[in-house]
Amino acid sequence: MAEPEFLKILETSVLSDDWGKLNRYRFELRRRDGSWQEQTREAYDRGNGVTCLLYNPETDCVLLTRQFRLPVWLNGKDPFLIETPAGLLEGAHPEDRMQAELIEETGFDVSVLEHLYDLHMSPGSVTEYLSFFTGTYHLKNKVSEGGGEREEGEDIQVLHVPLSKALDMIRTGEICDAKTIILLQDLALRKRAATRP
């Protein structure tokens, strides 16, 4: 990737290259006043990902998951996070990858997904962006138990939560995952707009 006119990379060093790659960059950044300032930053690259909120209009429920997250525990919080299903692209087309993740994590096979937007979740330290999707599910779409891949260390609980309760869970702190909150609020806003004359 060519350097833009406002940036000069002086040095790059690999700090870790295991599950993802952690690099330290020493660079000069041209400030708005035209002067150059040397800075050092670290950036973690684990690839880009996808996430999806499925909604069942018959039951007014959303399909969520609960699983253990080590970084959350390391931060002193409840590590069993309630989330929308998600995964890494690993070279796949976002919609294809999301459909596979939905089957793997929740056991539901949904053929039509709507792409909403791509967002950077932690742009100060992580290169990853997430492609956000939504879709409709019905109980007849269930093809397996879900729960994730044991070989990958996944032990995922599948939750059918009424939308109103999920929104309350944001306010109580039971749902504190950013991607999940974004998708739940997006759904609530779209449902509200659809009922206006």
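Here the condition is being surrounded by fewer than 16 Cβ atoms within 10 Å (Cβ to Cβ), assigned to a strand (DSSP E or B) and at pLDDT 95 or above; of LEU119, LEU63, it holds for LEU119 alone. Here THR180 meets the list (1) assigned to a helix (DSSP H, G or I); (2) surrounded by fewer than 17 Cβ atoms within 10 Å (Cβ to Cβ) almost entirely, failing just condition (2). Scanning region 137-175 for residues that are part of a loop (DSSP other than H, G, I, E, B) and hydroxyl-bearing (Ser, Thr, Tyr) yields TYR137, SER144. Beta carbons closer than 7 Å, at least 6 apart along the sequence or on distinct chains, never pair a first residue in region 60-74 that is farther than 15 Å from THR106 by Cα with a second that is of a type in the set (Lys, Arg) and surrounded by 20 or more Cβ atoms within 10 Å (Cβ to Cβ). If you filter region 39-60 down to residues that are out of contact with any Pro (no Cβ under 7 Å at 6 or more places or on another chain), among the acidic types (Asp, Glu) and within 30 Å of GLY148 (Cα to Cα), you find that the one that is surrounded by the most Cβ atoms within 10 Å (Cβ to Cβ) is ASP45.
Of all residues in region 103-115, those being in contact with a helix residue (DSSP H, G or I) (Cβ under 9 Å, 6 or more places away or on another chain) and either within 25 Å of TYR44 (Cα to Cα) or surrounded by fewer than 17 Cβ atoms within 10 Å (Cβ to Cβ) (or both) number 3. Picking from residues in region 17-38 that are loosely packed, with under 12 Cβ neighbours inside 10 Å and of a type in the set (S, T, N, Q), the one that is farthest from the chain's Cα centre (by Cα) is SER35. Contact annotation: residue pairs with Cβ atoms under 7 Å, 6 or more positions apart or on different chains, pairing a residue in region 1-13 that is assigned to a strand (DSSP E or B) with a partner that is polar (S, T, N, Q), are THR12/ASN23; SER13/ASN23.
Within region 157-177, residues that are outside the structural domain of LEU139 (by TED's automatic domain parsing) have Cβ atoms under 6 Å from residues that are crowded, with 16+ Cβ neighbours inside 10 Å and assigned to a strand (DSSP E or B) in no pair, counting only partners at least 6 apart in sequence or on another chain.
The values are calculated or read from the model by the stated rules, or taken from the named source; none is laboratory data. These figures come from a predicted structure and were not determined experimentally. We place every Cβ from the backbone using ideal geometry, glycine too, and count neighbours over all the protein chains shown.
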